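The values are calculated or read from the model by the stated rules, or taken from the named source; none is laboratory data. Keep in mind the model is a prediction, meaning the values are calculated, not measured. Every residue, glycine as well, gets a Cβ built from its backbone with ideal geometry; the counts of neighbours run over all protein chains shown. Please note that ligands, DNA and RNA were not included when accessible areas were found on the heavy atoms of the full protein model with its side chains. Shrake-Rupley method; radii C 1.70, N 1.55, O 1.52, S 1.80 Å.
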Amino acid sequence: MSSNFKEKDNKIKKIMFLFFFILFLLIILIISIFDTIEDYRRLPSLETSKKELAVRGDIISSDNFKITTSKKIYKASIDTRHLDENKKELFIKLFSIYSDIPYKKIENKIDESLKNAPGNLVLSYNIDSKTAKNLKELGFKLRRLKVFKARQVPGGKILRGLSITESGEKRVYSYENTLTPVVGYITKFETKNDKTRVKGIKGLEKEYNTLLNNSKDGILSGNRDVLSYISFNRNSTIKQRVDGASLVLNIPLKLQKNNEMVLDIYKKKLEAQEIIVSIMDSKTGKVLSLASSNRFNPERIYQKDIPSLNVNAVEYQYEPGSVIKPIAISLVLDKNRIKKNELLFAYNTKGRANKEGEFPRGQFKLGKFIIKDDHRFKKHYLTLDDIVIFSSNIGTLQFAQRLSGPEFFEGMKRFGFTRKTGIDLPYEKKGSMPKVWQFSANDKKEEDNVYKATVSYGQGMTATFMQILKAYSAFNNDGVVVTPKIVSYIEMNGSKYKEDKIKDERIITKRTADEIKRLLIKTVDKGTGKAAKIPGLEIGGKTGTAQIARGGKYLKKYISSFFGFVNDGEHSYTIGVTVMDPVSKGKYWYYHYASWSAVPVFKEIVNNLIRLNYLSPKKDIISTKD
């Protein structure tokens with residue numbers, strides 16, 4: 001019995017051993033299957049996709065030159081674990097030749113990686129497209145030369161060589177400082193996909209940032225062939241890249257460059273802080289030029305460039321001086337409160353006439369203030385023509401008193417003061433002016449008002465260059481002001497889009513506009529703007545020389561301006577010139593007067609228009625209109 005029990009027990013043990021052995025083999029088999037499955041998962045995918053980076057849109061001149069454009073940049077990288085150290089020197093030499101990056105710079109990067117943390121190493125983030133193409137070809141050659149070696153990893157071996165991939169975009173300003181600060185500048189930022197992108201900070205780059213960056217990357221996806229290229233079929237995905245919208249300007253490059261050259265010459269001659277010039281079509285508002293003597297290269301901005309980054313034509317507010325006089329007088333004319341052949345007292349009877357028969361400069365007492373004229377007259381009573389042509393403060397303020405406070409205030413607002421012009425630039429300022437109640441003081445008593453007086457000749461208020469330019473368009477456009485526009489149209493996806501035209505605004509009657517136009521032409525023929533005269537063209541304008549106010553005091557520094565127009569019978573332009581702080585001491589102290597600074601610049605700008613066929617002087621145009 002005991003022997004049978006032992007035999008039976010041995011059989012059970014053998015069966016149990018066999019069971020556990022089979023179970024063990026089964027577990028090994030299962031583990032092997034799962035491991036094989038995992039290995040399959042680590043195999044390269046049979047499908048692949050490739051993104052094509054879209055870039056920011058261009059800014060293009062009206063004569064089809066790219067002022068600024070975006071170019072793709074590429075990243076060159078290697079895995080130093082795959083670099084054969086025996087062929088390291090060969091790689092560095094070839095890469096340096098192809099990339100134009102100094103040998104030593106590459107060597108230092110590679111040595112540091114090998115010493116501290118072998119692995120992925122970016123050799124450059126800023127490779128242009130042409131160099132990238134050449135480096136891709138170098139990558140194939142390096143594989144044939146076995147510069148890189150395969151490395152064992154779980155599931156097999158891998159080989160990584162020179163990798164060239166898109167890293168983002170770079171903004172290129174083809175003509176360096178041309179059209180700055182108007183074109184503006186950008187800053188870089190990194191996307192979630194580690195791509196370098198840009199966004200506008202100032203100028204047109206800022207104003208149209210959303211449209212310029214309205215882009216979509218292209219996508220190519222499909223099955224991978226044995227050479228890792230995408231094999232296209234009906235199941236493949238192809239989405240074309242869409243770059244950002246492009247801005248096409250009203251400004252031609254050649255005219256802009258010529259104007260900037262003029263400003264560079266006169267800035268040096270006048271020792272000015274800045275000179276600003278703009279040319280605008282009087283009928284349409286198209287800005288053909290907006291130039292500054294203070295420019296910078298947006299690709300390389302230095303500390304010294306910081307004061308030049310603002311578009312002072314719309315951002316700098318200043319007391320404009322006598323260029324406001326025709327505007328104030330037009331408001332009085334429009335109310336029919338100036339009689340034909342009317343004479344106003346010049347307040348110049350204190351003292352005798354000089355050898356030329358000129359009486360002392362007029363002095364008008366208004367409350368505790370004494371207001372003076374700069375010009376000496378040979379008579380005691382002035383006509384409207386005398387007041388405008390020779391820029392009489394006293395005559396202008398007397399006319400301004402004929403308007404009530406609300407009439408004067410609303411009239412100045414209609415001309416655009418304390419309002420934005422609507423120009424397509426960011427950060428535009430509005431300027432300042434006394435309140436309506438200040439203009440209205442003494443209305444009931446029918447006494448003179450100091451606010452109306454000072455503002456009528458451009459003091460006690462501030463304006464921007466562009467506000468004055470827009471206001472003057474009324475005198476060359478039958479009393480209608482136009483809105484200045486720099487961008488002509490936007491190009492997107494092969495289509496052209498134009499902003500809805502802003503309705504032009506009539507601010508004075510045609511009769512009033514024609515009368516002021518006659519006076520401005522006469523100012524060029526016989527008055528302070530004589531240096532702007534060019535035979536065969538109808539030219540009118542008004543000078544203004546104002547002291548710079550700071551901290552509630554007037555400095556011995558000046559802003560000299562000349563705003564006017566030029567016509568040849570076919571073309572009609574409103575032009576403004578402002579010279580900031582020209583020399584006012586020493587041998588050329590008189591350069592601070594607009595007739596010696598702003599007016600000669602105006603004439604050179606008109607000559608540029610003639611040379612480049614934007615104007616054609618006519619023999620039958622007689623400039624004087626009495």
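Can you give the accessible area per residue of region 117-195, in Å², using a 1.4 Å probe?
Result: 59 Å² per residue.
Taking K and R as +1 and D and E as -1, what net charge do the other residues with C-beta under 12 Å from the C-beta of LYS254 add up to?
0
If I compute solvent accessible area with a 1.4 Å probe over the protein chains, what percent of it on the chain is carbon and sulfur?
Whole-percent figure for carbon plus sulfur exposure: 53.
Give the calculated FRET efficiency between HIS380 and LYS498 to the nearest 0.05, with a Förster radius of 60 Å applied to their Cβ-Cβ distance.
About 0.60, to the nearest 0.05.
So how far apart, in nm, are the two label points at ALA549 and LYS269 if each is 7 Å from Cα heading toward Cβ?
3.2 nm
Where does the chain land at 222 nm, in deg cm²/dmol rounded to the nearest 500, when only DSSP H runs of n ≥ 4 count, each adding -39500 (n - 2.57), divided by all residues?
That calculation yields -9500 deg cm²/dmol at 222 nm.
What is the total of Lys pairs in region 435-516 with C-alpha atoms under 25 Å apart, excluding same-chain pairs fewer than 8 positions apart?
18
For TYR489, what residues show an amide H to amide H distance below 5 Å, using hydrogens built from the backbone and excluding near sequence neighbours?
Excluding prolines and chain starts, which carry no amide H, the hits are VAL248.
What number comes out for accessible area per residue over region 350-397 if the probe is 1.4 Å? Units Å², please.
For region 350-397, the solvent-accessible area averages 59 Å² per residue.
If the chain between LYS254 and ASN354 were fully stretched, how many nm would it gain, using 0.36 nm times the residue separation less the Cα-Cα distance?
Taking 0.36 nm per residue and subtracting the Cα distance, the gain is 31.0 nm.
Using packing as a proxy for protection, rank 91-99, 533-541, 394-402 so that the peptide with the highest average count of other Cβ atoms within 10 Å comes first.
Result, highest mean Cβ count within 10 Å first: 394-402, 533-541, 91-99.
What net charge is computed for the residues neighbouring LEU270, neighbours being all others with C-beta under 12 Å from the C-beta of LEU270, Lys and Arg scored +1, Asp and Glu -1? Present the calculation step by step, with values, prior to reporting the outcome.
Values: positive: LYS267, LYS268, LYS269; negative: ASP264, GLU271, GLU274, ASP581.
Overall, the nearby charge balance is -1.
Figure the gain on full extension for LYS435 and LEU26 (residue separation times 0.36 nm, minus the Cα-Cα span) and round it to one decimal in nm.
Fully extending the segment from LYS435 to LEU26 adds 137.6 nm.
Separation of region 476-544 and region 275-293 by C-alpha centroid, Å?
That distance is 10 Å.
Can you list the aspartates and glutamates whose alpha carbon is less than 13 Å from that of LYS188, not counting same-chain residues fewer than 8 positions off?
GLU169, GLU205, GLU299
Going by amide H atoms built from the backbone, whose H comes under 5 Å of the H on GLY527, apart from near neighbours?
none
Between (1) 29.9; (2) 27.8; (3) 26.1, which entry matches Kirkwood radius over Cα pairs in Å as derived from the coordinates of this structure?
Of the labelled values, this structure produces (1).
May I ask you to order 346-353, 489-496, 63-70 by the average number of other C-beta atoms within 10 Å around their residues, highest value first?
Highest-to-lowest ranking by the protection proxy: 63-70, 346-353, 489-496.
Helix hunt in the chain: which complete DSSP H runs extend at least 15 Å axially by C-alpha with mean Kyte-Doolittle at least 0.0?
The qualifying helices are 2-41, 88-99, 598-611.
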